[in-house]
Amino acid sequence: MNCLVTGAAGFIGSHLCEKLLNSGFSVIGIDSFTDYYSRELKKKNLSYLLEKQKFEFIKGDINHIDLNKHIEKSDTVFHLAAQAGVRASWGDYFATYTKNNIEATQKILEASKKSKIKKIVYASSSSVYGNTPDLPMKETSRLFPYSPYGVTKLAAENLCSLYYENYGVPVVSLRFFTVYGPRQRPDMAFHKFFKAIGENRPIEIYGSGEQTRDFTYIDDIVNATITAAEKGKPGKIYNLGSGNHQKLSIVFPLLEKICGKNVTIKNIETQKGDVKNTYASISRARKDLDYNPRGTLQEGLQQEWLWIKKIYSFK
Ligand code: NAD
Ligand code: UGA
């Protein structure tokens, strides 16, 4: 495959590029280094990739660069660039979500419409389900986004579906469920928790800690994303979760064990836009993508802690 990966300097995008390159594929990576979190972290994510001969990095915003030129050289597009993050999507910052999630996706689809692209894989989100009563969440469940972020991820997913229906653009959408592991974004729970533990601060829990999440290990997401480019059915949508869900509070003893420290918890108010539960039905991905997630919280969190210790120089 000749691959184009948007969001290549981000958490999931950089892991995806790494795996594609290690599998012998050529990769053009695009990223604009949005200021949502530190450019230094994104540069670290990219450092391994920049040493690889088959990697070309384009620093630029999808909304402004000449996409046609890069899409012409590619047969597969992995569209991961977005303004991620549920809780920051209120107020004035919403404009960043519409620009980077909806408008940027439309640009990718317009450019692909005229191309010979074999597959576009779009990184959608469990946030499209919102507080659906249907657990586990099935691809056919009704969609009730509960945050402005979720609305933009669903709008972009809908754009993918209608470009497939009208123009035959071969898009597969993947609904990722709370991804964790090394390079996790600094606004996400486990990154924040480990950093607080390393700095001997309490960890802040939104609400009671009774909320559940289907936490999914990064390697499972990356492997299935690549398989989706090969085997995913155009026009189809797939959940990618672990197929289990855990109460957030269940993770605290695990964090103590992994870090070898006592953890202090501070409960603060539930955040607007945060859903009560996520839990993926993964039978469709199992069937079409041979999806078989293997990551366990114990091992995955251990890997994330090793990375956190390195980047923050914790002993
Ligand atoms: P991330 O913020 O680490 O990576 C996204 C990257 O996209 C960033 O490096 C950013 O600079 C870049 N970007 C944003 N807008 C751009 C634009 N207009 N042009 C070029 N580059 C741009 O986020 P992530 O956690 O790696 O998420 C990757 C994708 O997966 C996103 O689409 C996100 O919505 C989706 N997703 C993530 C999770 C998760 O748990 N991390 C879960 C569900 C869905
Ligand atoms: C994550 C990603 O951040 C989104 O980009 C993604 O689209 C979404 O998953 C998804 O699955 O679709 P979230 O589930 O909120 O969103 O992931 P975390 O930030 O890791 O939060 C997990 C849980 O921990 C949430 O219930 C949150 O309320 C809680 N949390 C988070 C805290 O209690 N304290 C914190 O400091 C941070």
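Laboratory data are not the source of any read-out in this text; all were calculated from the coordinates shown. Worth saying up front: this structure is predicted, and the values here are computed from it rather than measured. Positions of Cβ are backbone-derived with ideal geometry, glycine not excepted, and every protein chain shown enters the neighbour counts.
Cβ crowding within 10 Å, taken as a proxy for footprinting-reagent exposure, orders Ser147, Ser115, Ser23, Ser313 from fewest neighbours to most as Ser313, Ser23, Ser115, Ser147. Can you list the trypsin sites (Lys or Arg not before Pro) in region 140-179 that are in a DSSP coil and have 11 or fewer other beta carbons within 10 angstrom? Sparse-neighbourhood loop trypsin sites (Lys or Arg not before Pro): Arg142.
Quick one: length gained pulling Asp92 to Asn158 fully straight, 0.36 nm per residue minus the C-alpha distance? Show your work: numbers first, answer last.
Values: separation 66, 0.36 × 66 = 23.76 nm, distance 2.38 nm.
Difference between extended and current length: 21.4 nm.
Shown is the FRET efficiency for Leu50 and Glu210, computed with R0 = 30 Å from the Cβ-Cβ distance and rounded to the nearest 0.05: 0.10. The three principal axes of the C-alpha atoms in region 64-198 carry coordinate ranges of 49, 35, 30 Å, sorted with the longest axis first. Of all aspartates and glutamates in the structure, those lying under 14 Å Cα to Cα from Lys276, and not within fewer than 8 positions of it along the same chain, are Asp134, Glu210, Asp214.
What's the exposure ranking of Asp187, Asp35, going from fewest to most Cβ atoms within 10 Å? Write down the numbers at each step before the final one.
Working: Asp187 14, Asp35 8.
With the fewest neighbours first, Asp187, Asp35 line up as Asp35, Asp187.
For the pair Asn292 and Lys118, label points projected 7 Å from Cα toward Cβ lie 2.4 nm apart.
Which of the trypsin sites (Lys or Arg not before Pro) found in region 57-129 are loop residues per DSSP with 15 or fewer other Cβ atoms within 10 Å of their Cβ? Before the final figure, lay out each step's value.
Details: sites: Lys59, Lys69, Lys73, Arg87, Lys99, Lys107, Lys113, Lys114, Lys116, Lys118, Lys119; in loops: Lys73, Arg87, Lys114, Lys116, Lys118.
Loop-located and lightly packed - Lys73, Arg87, Lys114, Lys116, Lys118.
Anything over 28 Å Cα to Cα? Flag those among Lys192/Lys247; Lys236/Lys309; Lys272/Lys310; Lys261/Lys310; Lys19/Lys257, in the order listed. Show your work: numbers first, answer last.
Values: Lys192/Lys247 17 Å; Lys236/Lys309 39 Å; Lys272/Lys310 33 Å; Lys261/Lys310 17 Å; Lys19/Lys257 30 Å.
From Lys192/Lys247; Lys236/Lys309; Lys272/Lys310; Lys261/Lys310; Lys19/Lys257, over 28 Å: Lys236/Lys309; Lys272/Lys310; Lys19/Lys257.
What FRET efficiency would be calculated for the residue pair Lys310, Asn166, taking the C-beta separation as r and a Förster radius of 45 Å, to the nearest 0.05? Intermediate results must be reported in sequence, preceding the final value.
Working: r = 47 Å, r/R0 = 1.05.
Calculated transfer efficiency: 0.40.
If you take every DSSP beta bridge whose two residues both sit in the chain, what share of them, in percent to the nearest 5, is antiparallel?
Details: 2 of 39 bridges.
About 5 percent, rounded to the nearest 5.
Look at Val263, Val251, Val169, Val77 and count the other Cβ atoms within 10 Å of each Cβ; fewest to most, that gives Val263, Val251, Val169, Val77.
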